[in-house]
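Trainee: Structure provided below as structure tokens; questions to follow.
Each reported figure results from applying straightforward, stated rules to the coordinates on display, with no laboratory input. Nothing here was measured: the structure is a model prediction, and the numbers come from that model. Ideal geometry is used to build each Cβ from the backbone, glycine not excepted, and the neighbour counts take in all protein chains shown.
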2 protein chains.
Amino acid sequence: MSLPMQVPAEGMPERVTIYEVGPRDGLQNESAIVPVDVKAEFVRRLVAAGLPIVEATSFVHPGWVPQLADAAELMADLGEEGRRLPVLVPNERGLDRALELGLEHIAIFGSATETFASNNLNRTFDEQFAMFEPTVARAREAGMDVRAYVSMCFGDPWEGTVPVEQVVSAGTRLLDLGASQLSLGDTIGVATAGHVKALVAAFGEAGVGTDRLAMHFHDTYGQALANTFSALQAGITTFDASAGGLGGCPYAKSATGNLATEDLVWMLDGLGIAHGVDLAAVVGTSTWMAGHLGRPSPSAVVRALGGSLAQSAP
Amino acid sequence: MSLPMQVPAEGMPERVTIYEVGPRDGLQNESAIVPVDVKAEFVRRLVAAGLPIVEATSFVHPGWVPQLADAAELMADLGEEGRRLPVLVPNERGLDRALELGLEHIAIFGSATETFASNNLNRTFDEQFAMFEPTVARAREAGMDVRAYVSMCFGDPWEGTVPVEQVVSAGTRLLDLGASQLSLGDTIGVATAGHVKALVAAFGEAGVGTDRLAMHFHDTYGQALANTFSALQAGITTFDASAGGLGGCPYAKSATGNLATEDLVWMLDGLGIAHGVDLAAVVGTSTWMAGHLGRPSPSAVVRALGGSLAQSAP
């Protein structure tokens, strides 16, 4: 396979961590319901491809997200291997399920805006932190690691542009509760490269270093990789991505969604930045999953390489 | 319409020039044959949308590129307005047609690699410059401006990675012949952000400043805008783009082609970089053209905004 030429650029990290969200954030936003055995194989393939963190599913109420209603069954299928995989937990009831399974990592999902807190969490901006407090406290007491997603960090479909100070306020309050890492989400894909640097700088001024920040870009307006390059220059070393570009935001105006893991890996390979992921294996996995979903992957790299790599899937 | 928040980044130019290649490079690589009156309206709409340079067509032999076999008819249709639009001219026969029409700008199409020179020009790498010499000399004598495309500047499907020294050699020889600007083409889309900076730096070491360089990125692997951001940091201020992302390279492995004008404009708007283009008008034009081509635009911005802007087309 033809990889890009490795030409390092100035001011880049030597290594980044790719946080794979395809099985949770990706499948959650696909219209198709994928059988649980296919999901389990999807997760196993992604782990086998070298992805260091694979968020497996969400313990959200099945009525809210029918795509992930089989979360308990999936985690049972994954067994011991599943214990180290993060699972999204919306509330204490979800935490109870994570504790019963002996999981080591959970993620919570907060909002940087009042309107999204209201629409998605049924809380005010301030009330969400009170809601998360016992969940995070109990998880930390049990020795769990807690990641906090912050949604709508750049723009909000109802409120427009989101001030960086407001995102920093939400983020620091989630860290103060006990979260170890923030995933700053461009939920509707309106971030551009200068805005990314401004947000990272604002967190820095508030004492939150890049070691506690991850970026979660959506490609709605084609900006995800330009924003990633800008974030790399700002010192970010953890990036969320979704195998094959699965998923999207139901509130966004188009079907384009998460940054594709393959497109991110291709860029990192070109920059000579280590990541530990086998590109051919991920492309093969996404090509296989596209068959189950009955539509081509939106990832440019999967489309460009898919045919030639399909046979090399694990 | 919701534009991205304007947040400037360090080291960016205040203004860039978008060189629109949709009517030539875009339609040349589409399988559909577009009627000449639709092409003329396409060009007029793009000019009306504020695009400062719109390459109209190519005087290549109709047997080679049937999509552009109506070049003479198109230029006649465009009339006086067409004289200031660049037209691709492959050889002296094409130049004769440009001279007859009183055109002010032509473009020639060279290769950075031996194999593409052989396959596309039927010349060796060295012979291509002898072939271009009389064309450029006569055009300059007639007071025409000559742009030189350099294809395969990053990778070549037969030769793999292309050394920057080889690209600089091809580029400087074309400038020495009398070209005023080089358009450095990532014909198969394999450039990544560090490679872009290395190529611009190599030209700088050879005495060719960024004022004589344009970048022509393809989005085959999703890298076009990340590469654009990197090129902006390197001082490049002219970017080729294709309305709606029309076209592609027939030698590339997938259907993804030129950087979409709309996606570029969106990024520039986010960075607060002036360009003079009316985004809504270009989106409306691409949505209209997608109807003629019978398929959706590959541009992320067109897909995200197309529905809401279709009624605002000129």
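Trainee: For region B:155-171, just list the computed ³J(HN,Hα) in residue order, Karplus coefficients 6.51, -1.76 and 1.60, θ = phi - 60°, integers in Hz, with x standing in for Gly and Pro.
Mentor: x, 9, x, 9, 9, x, 4, 9, x, 4, 4, 5, 5, 4, 4, 4, x
Trainee: Assign unit charges at the C-beta atoms only (+1 for Lys and Arg, -1 for Asp and Glu), then state the dipole size of the protein assembly as shown relative to its Cα centre in Debye, rounded to the nearest 20.
Mentor: 400
Trainee: Using a simple charge model, +1 on the beta-carbon of Lys and Arg, -1 on the beta-carbon of Asp and Glu, nothing else, what dipole does region A:54-176 show about its Cα centre, in debye to the nearest 20?
Mentor: Computed charge dipole of region A:54-176: roughly 60 debye.
Trainee: Averaged across A:293-301, how many Cβ atoms of other chains sit within 10 Å of each residue's Cβ atom?
Mentor: Per-residue shielding by partner chains comes out at 2.
Trainee: State the answer as a single residue: which of B:268, B:99, B:66 lies farthest towards the positive end of the charge dipole of region B:17-312, with beta carbon charges of +1 for Lys and Arg and -1 for Asp and Glu, about the Cα centre.
Mentor: Farthest towards the positive end: B:268.
Trainee: Return the FRET efficiency for the residue pair residue A:6, residue B:122: r is the Cβ-Cβ distance, R0 is 30 Å, and the value is rounded to the nearest 0.05.
Mentor: After rounding to 0.05, the efficiency reads 0.35.
Trainee: For chain A, what is the mean residue ellipticity at 222 nm derived from helices alone (per DSSP H run of n ≥ 4: -39500 (n - 2.57); sum divided by total residues; nearest 500 deg cm²/dmol)?
Mentor: Working: 10 runs with 121 residues, N = 314.
Mean residue ellipticity, 222 nm, calculated: -12000 deg cm²/dmol.
Trainee: Set the Förster distance to 25 Å, then compute FRET efficiency between residue A:76 and residue A:142 from the Cβ-Cβ distance, nearest 0.05. Write out the running numbers ahead of the final one.
Mentor: Working: r = 20 Å, r/R0 = 0.79.
Rounded to the nearest 0.05, the efficiency is 0.80.
Trainee: Using only the alpha-carbon atoms of region A:2-44 as identical scatterers, what base-10 log of I(q)/I(0) does the Debye formula give at q = 0.23, 0.30 Å⁻¹?
Mentor: The Debye formula, applied to the Cα set alone, gives -0.83, -1.13.
Trainee: Provide a whole-number value for the mean count of partner chain Cβ atoms within 10 Å of the Cβ atoms in peptide A:188-200.
Mentor: 6
Trainee: Per residue of region A:217-224, what does 6.51 cos²θ - 1.76 cosθ + 1.60 with θ = phi - 60° give for ³J(HN,Hα)? Whole Hz please, x for Gly and Pro, Karplus curve as stated.
Mentor: Taking θ as phi minus 60°, the curve returns 9, 10, 9, 3, 10, x, 9, 4 Hz for region A:217-224.
Trainee: Would you mind giving the mean number of other chain beta-carbons within 10 Å of the Cβ of each residue in A:228-241, as a whole number?
Mentor: 2
Trainee: Still on this structure: Any idea how far apart residue A:274 and residue A:104 come out in nm if each label point goes 7 Å out from Cα toward Cβ?
Mentor: For residue A:274 paired with residue A:104, the spin-label model returns 2.0 nm.
Trainee: Would you please give the FRET efficiency between residue B:15 and residue A:180, computed as 1/(1 + (r/R0)^6) with r the Cβ-Cβ distance and R0 = 41 Å, to the nearest 0.05? Before the final figure, lay out the partial values.
Mentor: Working: r = 43 Å, r/R0 = 1.06.
Computed FRET efficiency for residue B:15 and residue A:180: 0.40.
Trainee: Add +1 for every Lys or Arg and -1 for every Asp or Glu among the other residues with Cβ under 12 Å from the Cβ of residue B:121, and state the total.
Mentor: -2
Trainee: Between residue B:33 and residue B:61, what is the label-point separation in nm under the 7 Å Cα-to-beta-carbon projection?
Mentor: According to this spin-label approximation, the distance is 1.8 nm.
Trainee: Search the structure for amide H atoms under 5 Å from the amide H of residue B:214, placed 1.01 Å from N in the peptide plane, and list their residues when 5 or more places away or on another chain.
Mentor: B:182, B:183, B:184
Trainee: At a 10 angstrom cut-off on C-beta neighbours, averaged per residue, how do the peptides B:177-188, A:219-230, A:158-169 rank from highest to lowest? Provide the component values of the computation, followed by the final result.
Mentor: Values: B:177-188: 24.0, A:219-230: 28.5, A:158-169: 17.2.
Peptide ranking by packing, descending: A:219-230, B:177-188, A:158-169.
Trainee: In sequence order, what are the phi-derived ³J(HN,Hα) couplings for region B:22-34 according to the Karplus relation 6.51 cos²θ - 1.76 cosθ + 1.60 with θ = phi - 60°, rounded to whole Hz, with x for glycine and proline?
Mentor: Result, rounded to whole Hz: x, x, 9, 5, x, 5, 4, 9, 9, 6, 6, 9, 8.
Trainee: Which value in nm describes the separation of the simple spin-label points at residue B:161 and residue B:206, placed 7 Å from the Cα toward the beta carbon?
Mentor: 1.8
Trainee: Post the alpha-carbon centroid distance, region A:163-197 to region A:14-36, in whole angstrom.
Mentor: 20
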